[in-house]
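See structure below.
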Amino acid sequence: MEQLAAAINLRHSVRKYKQEYLSAEDEAKLTRKIEEINKESGLSIQYVDARDTSISRMQSAVFGRFGGTVNYIVMAGRKSNDLEEKCGYYGEQLVLFAQLIGLNTCWIGMFRRDNDQIRLAREEKAVIVIAVGYGVDAGRPHRSKSYEEVTINGQDAPDWFREGVEAALLAPTARNQQKFRFEYRDGEAIASSLHGAFTAVDLGIAKCHFELASGRNMKPE
């Protein structure tokens with residue numbers, strides 16, 4: 001977990017990739033991590049190799065802006081009230097892990113769900129995908145809200161709370177909305193999200209960052 005925390009400051013969204021397939025070693029590391037997370041979370045995360053599919057079969061118009069060789073991690077699982085948050089939380093663990101092994105990533109909410117590259121049981125749902133490959137560059141930091149804008153009672157909170165929130169502010173969110181809030185109440189951190197597209201996914205991502213930086217458990221139940 002300490003290694004994942006170190007990747008928070010290094011990782012940025014990347015939309016242009018080199019014309020290179022993942023090495024056998026990197027692909028093996030990534031798929032093993034996916035298997036571990038599926039076992040822990042109960043999700044049905046899938047890896048789609050660029051060598052096994054034409055990009056056009058996976059992409060929508062949004063993917064047209066991506067260049068190079070792009071593989072995909074499909075965040076999916078059994079339909080439930082907390083599925084989107086779980087996909088954000090565990091998907092960000094994969095994103096940070098990918099960063100540590102030299103891969104670049106980007107969260108993508110718009111994609112074709114009715115394609116034969118995503119294999120789901122009847123009770124399962126694909127929520128979001130993560131593009132993964134070797135970036136042309138390392139991406140750029142995004143503009144961020146302030147600590148005060150996303151906290152309640154934050155002025156009275158201890159250092160671990162502030163460290164967690166500052167890490168959450170580095171989390172990728174849909175359209176960089178950062179529609180999450182962290183409240184300090186009775187010695188505990190309480191996280192919530194506002195209404196909007198993919199805000200439950202964003203909350204899971206933010207919780208992942210908060211947990212890694214603060215050492216406090218924010219795992220979706």
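At-a-glance table
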| read-out | value |
| --- | --- |
| Strands (runs of 3 or more DSSP E) fully within region 121-210 counting 3 or more residues that are farther than 27 Å from ILE34 by Cβ, over 19 Å from the mean Cα position of the chain (by Cα) and not assigned by TED's automatic domain parsing to the domain that holds LEU103 | 180-185, 188-193 |
| Some residue of region 141-151 being out of contact with any Phe, Trp or Tyr (no Cβ under 7 Å at 6 or more places or on another chain) and touching a residue at least 60 places away in the same chain (Cβ under 8 Å) | yes |
| Residue check, ASN81 touching a Gly at 6+ places or on another chain (Cβ under 6 Å) and not aliphatic (A, V, I, L, M) | no |
| Candidates VAL48, VAL70, VAL14, filtered to the one that is within 19 Å of GLY109 (Cα to Cα) and either hydroxyl-bearing (Ser, Thr, Tyr) or at pLDDT below 80 (or both) | VAL70 |
| Sole residue being at pLDDT 95 or above and hydrophobic (A, V, I, L, M, F, W, C), chosen from LEU203, LEU194 | LEU203 |
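Residue-by-condition table, conditions (1) assigned to a strand (DSSP E or B); (2) modelled with pLDDT of 95 or more; (3) surrounded by 19 or more Cβ atoms within 10 Å (Cβ to Cβ):
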{"position": "GLN3", "(1), (2), (3)": "no, no, no"}
{"position": "LEU10", "(1), (2), (3)": "no, no, no"}
{"position": "GLU20", "(1), (2), (3)": "no, no, no"}
{"position": "GLU25", "(1), (2), (3)": "no, yes, no"}
{"position": "LEU43", "(1), (2), (3)": "no, yes, yes"}
{"position": "VAL62", "(1), (2), (3)": "no, no, no"}
{"position": "GLY77", "(1), (2), (3)": "yes, yes, yes"}
{"position": "GLY91", "(1), (2), (3)": "no, yes, yes"}
{"position": "GLN99", "(1), (2), (3)": "no, yes, yes"}
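The values are calculated or read from the model by the stated rules, or taken from the named source; none is laboratory data. None of these values were measured; they are calculated from a predicted model. No Cβ is skipped: glycine too gets one built from the backbone with ideal geometry, and neighbour counts run over all protein chains shown.
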